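> The structure that follows is given in the form of structure tokens.
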Amino acid sequence: MRVLVTGGAGFIGSAFIRTTIAADESAEIVNLDKLTYAGNLENLAEIENHPRYRFVQGDICDAALLDGLFASSRFDAVVHFAAESHVDRSILSPDPVFETNLRGAFRLLEAARMHNVARFVHISTDEVYGSIDPPHEASENYPLRASSPYSASKAGSDLLALSYFTTYRLPVIVTRASNNYGPYQFPEKLIPLMISNALEDRRLPVYGDGMQVRDWLYVDDHCRAIREVLKKGREGEIYNIGGNCSLPNLEVIRRILEAAHKPESLLETVKDRPGHDRRYALSSAKLMAETGWKPLTGFDEGLARTIDWYRQNSGWVKRVKSGEYQNYYALNYGARGTV
Ligand code: NAD
Ligand code: TYD
């Protein structure tokens, strides 16, 4: 099976490539990535010379590049990860978010349609359902109520992808996963930011009261779910992928401090995120019933593995935290101040 992975130099895409090359001997992967601030070829160092893997640097918004690549490679499937993926950045600077997440998704769907691709998995997020009051959880037909430019762009691209199934019968499947964590995650998201700050004895910025709830999914469990969907998912369908691990942010941060043997005095309450969703919660019952998938990595085990990885890879952390990251950090956190 010849697969085009977009955004494969990012956190989840690189985990998908590494684990799929190992898990499926028939998989040949082409990775198309623009290498934005979030794309990093170091994430793929262990397979860069693998005979079933090839990297192409390019933008999913570039129609001519896509046409040439699809014509020469004749993909059996597309797994579309490429996106501007961070809520805080989408609030500070929404332009690239709509450019890549909407226009880029559109260009990729067009290329897949023109070249009769047999499977198109569009990777999306539980954030499209917006904040959900307890005790409810979102199933796949729950209304879309996106709150941030990021989640609105993902909701829009989900609809776009599904419209290509309805109108053109392009064999599209949409997956919506909960918050991922694990090795190689860029330290702008909660868990890697808190781990790397804690390991450097820096302050841990908690937005508002820290009681916002997220459902945590270990990245390799997510990638395994995507492979199941690629093999067994039904065309035109949406599949939620949750970690079955709902925790308030403060609890997550306290567990990081405990596991890293760092004091609670590192916690710092900062100004809340505008439009901050209070709680995400989703049901993965459909995916489990249709494929037998379930998450296998418990949170404490996944967190210990992740902290260990960040400890062992201080060079990687140092490199991604230099340069542009410093500007982002000053912009996002400097303006927040301590409440
Ligand atoms: P990431 O930010 O780590 O990586 C995104 C990758 O996309 C980078 O390698 C970047 O260079 C590439 N990219 C960005 N714009 C591009 C463009 N125009 N053309 C080609 N490549 C481009 O993101 P991630 O956390 O790995 O998320 C991957 C996907 O999973 C996204 O679609 C995201 O919405 C979705 N998702 C993420 C999470 C999460 O917790 N991180 C949860 C659910 C869904
Ligand atoms: P994040 O990892 O950005 O994912 P998302 O907002 O897409 O769910 O944030 C997870 C939660 O952690 C969210 O409630 C915001 C909160 N948060 C902080 O409290 N401080 C931080 O510095 C960051 C990055 C996030």
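The values are calculated or read from the model by the stated rules, or taken from the named source; none is laboratory data. Since the model is a prediction, treat every value here as computed from it, not as a measurement. Reconstructed Cβ throughout: ideal geometry from the backbone, glycine too, with neighbour counts over all protein chains shown. Surface accessibility is based on the protein's heavy atoms, side chains included, excluding ligands, DNA and RNA. Shrake-Rupley method; radii C 1.70, N 1.55, O 1.52, S 1.80 Å.
> Can you name every residue in segment 3-40 that is touching a strand residue (DSSP E or B) at 6+ places or on another chain (Cβ under 7 Å), assigned to a helix (DSSP H, G or I) and more than 16 Å from ligand 2 (Cβ to nearest atom)?
Gly13, Phe16, Ile17, Thr20, Ile21
> So which residues in segment 330-339 are open to solvent by less than 80 Å² (accessible area, probe 1.4 Å) and touching a residue at least 40 places away in the same chain (Cβ under 8 Å)?
Asn332, Tyr333, Arg336, Gly337
> Also, quick follow-up: Got a sec? Which of Ser72, Ser85 is within 16 Å of ligand 2 (Cβ to nearest atom) and either in a loop (DSSP other than H, G, I, E, B) or not basic (Lys, Arg) (or both)?
Going through Ser72, Ser85 in turn, the sole match is Ser85.
> Next up: Within segment 270-329, how many residues turn out to be hydrophobic (A, V, I, L, M, F, W, C) and open to solvent by 70 Å² or more (accessible area, probe 1.4 Å)?
Qualifying residue count for the region: 3.
> Among (1) surrounded by fewer than 17 Cβ atoms within 10 Å (Cβ to Cβ); (2) part of a helix (DSSP H, G or I), where does Asp158 come up short?
(1)
> Criterion first (modelled with pLDDT of 95 or more and part of a strand (DSSP E or B)) does Glu268 satisfy it?
yes
> Among His86, His136, His50, His122, which is surrounded by fewer than 16 Cβ atoms within 10 Å (Cβ to Cβ) and either within 26 Å of Ser178 (Cβ to Cβ) or in contact with a Pro (Cβ under 8 Å, 6 or more places away or on another chain) (or both)?
His136 is the lone residue from the list that is surrounded by fewer than 16 Cβ atoms within 10 Å (Cβ to Cβ) and either within 26 Å of Ser178 (Cβ to Cβ) or in contact with a Pro (Cβ under 8 Å, 6 or more places away or on another chain) (or both).
> Taking segment 27-45, which residues are of a type in the set (Gly, Ala, Ser), open to solvent by less than 50 Å² (accessible area, probe 1.4 Å) and farther than 16 Å from Ile12 by Cβ?
Scanning segment 27-45 gives a single hit, Ala27.
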